[in-house]
Amino acid sequence: MLEWAARAGIELAVLRLDLIDPLISGNKWFKLAPHLQAAAAAGATGLISLGGAHSNHLHALAAAGQRFHFTTVGLLRGHAQDTPTVRDLQRFGMRLHWLGYGGYRARHQEGFWAPWRQRYRDCHVVPEGGGGLPGAMGCASLVALLRGQLAGLGWTDYDALWLAAGTGTTLAGLVLGEAGGHPVYGAMAVPADHGVAAQVQTILHEAGAADACYQLLDACRGGFARVDAQLEAFLHASEAATGLPLEPLYTAKALMALRQRVEAGYFARGSRLVFVHTGGLQGRGAALRDACQAHEAAPGTSIDQRSLEPS
């Protein structure tokens, strides 16, 4: 039990997407499935996408490729690194290309994909993080999944959804699935200049739902992948209290932002909230280890894992 929620009279449930699959975890399968269907319809035999050296998205994509026997290609930010995620990508058979930092920043420029499409003619391009309208439509089904489990809680309804936002794709999908039924709150794990708000608006506009009910809130704590001592302590305390595994880049930041809102009286007593656990636990160990080393080297500082990308 989370004492801060109980003190405020808030009932909090968790949609455990992290339990769906040990490798294609969390929201990743829901974002990937429409892209896999599009690839099959186009006659493609593989998928190519982008991410960092700890990318949850690339990890899920590579695992899906190994399981369902299609080729995967990853374009990675920065220079070659040896991380647990990178080792998994190689073990799953993903072909890796390190773009450097400038090369990765060019991913939004016109013509970026032309040479890669030429080189990998049989691969279907998946946007960074599995984003875009197809990924969001895959996530829209989460609302029905959630509502199908309410009876097990003894609930007939809920008041709002809360989740971490990295690209905004899952949030947009939940907004589409809700169709105005309940507000959706996205705790942004990245700074505003990463374009989450614009991404969400673009997706909803394409889907004809631009006036949907949602809010984006800052939860990045100074930058994407920055893990400060307060966040780390909150993560461990929350895990000890609930047994719910968290990771510091998305889910812990989102839950911490929710606590701040609850303690500020943002939600009325008696509110029933659903926290969507978006997974990402495969990178948990490396992120916490790096944060611990940074705190030991310079107490009170935070680590900024700039090789990571929103997933």
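The values are calculated or read from the model by the stated rules, or taken from the named source; none is laboratory data. Note that the structure is a prediction, hence the values are computed from the model and not measured. Because the Cβ atoms are built from the backbone with ideal geometry, glycine has one as well, and the counts that use them run over all protein chains shown.
Here are the numbers:
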| read-out | value |
| --- | --- |
| Members of region 135-161 that are farther than 28 Å from GLN199 by Cβ, in contact with a Lys or Arg (Cβ under 9 Å, 6 or more places away or on another chain) and assigned to a helix (DSSP H, G or I) | LEU153 |
| Residue match in region 180-192 (condition: touching a Lys or Arg at 6+ places or on another chain (Cβ under 6 Å), surrounded by 14 or more Cβ atoms within 10 Å (Cβ to Cβ) and closer than 24 Å to GLY280 by Cα) | yes |
| Counted residues, region 138-164 - those being more than 15 Å from ARG272 (Cβ to Cβ) and either surrounded by fewer than 19 Cβ atoms within 10 Å (Cβ to Cβ) or in contact (Cβ under 8 Å) with a residue 60 or more places away in the chain (or both) | 9 |
| Count - residues of region 1-54 that are part of a loop (DSSP other than H, G, I, E, B) and farther than 21 Å from ARG147 by Cα | 14 |
| Subset of region 230-244 (residues that are surrounded by fewer than 17 Cβ atoms within 10 Å (Cβ to Cβ), in contact (Cβ under 8 Å) with a residue 60 or more places away in the chain and under 18 Å from ALA187 (Cβ atoms)) | THR242, LEU244 |
| Single residue of LEU89, LEU99 found to be outside the structural domain of GLN282 (by TED's automatic domain parsing) and more than 20 Å from LEU281 (Cβ to Cβ) | LEU99 |
| Residues of region 29-82 satisfying the condition of being under 19 Å from THR170 (Cα atoms), over 16 Å from the mean Cα position of the chain (by Cα) and of a type outside the set (Gly, Ala, Ser) | PRO34, HIS35, LEU36, GLN37 |
| Of all residues in region 83-130 being among the β-branched types (Val, Ile, Thr) and within 19 Å of HIS35 (Cβ to Cβ), the one that is surrounded by the fewest Cβ atoms within 10 Å (Cβ to Cβ) | VAL125 |
| Counted residues, region 206-229 - those being assigned to a loop (DSSP other than H, G, I, E, B), without any contact (Cβ under 8 Å) to a residue 40 or more places away in the chain and within 17 Å of VAL190 (Cα to Cα) | 1 |
| From the options GLY166, GLY148, GLY154, residue that is under 17 Å from the mean Cα position of the chain (by Cα), of a type outside the set (A, V, I, L, M, F, W, C) and outside the structural domain of VAL73 (by TED's automatic domain parsing) | GLY166 |
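Residue by residue, here is whether (1) buried (at least 18 other Cβ atoms within 10 Å of the Cβ); (2) touching a strand residue (DSSP E or B) at 6+ places or on another chain (Cβ under 9 Å); (3) not in a helix (DSSP H, G or I) holds:
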position	(1), (2), (3)
GLU247	yes, no, yes
ALA257	yes, yes, no
GLY265	no, no, yes
ARG269	no, no, yes
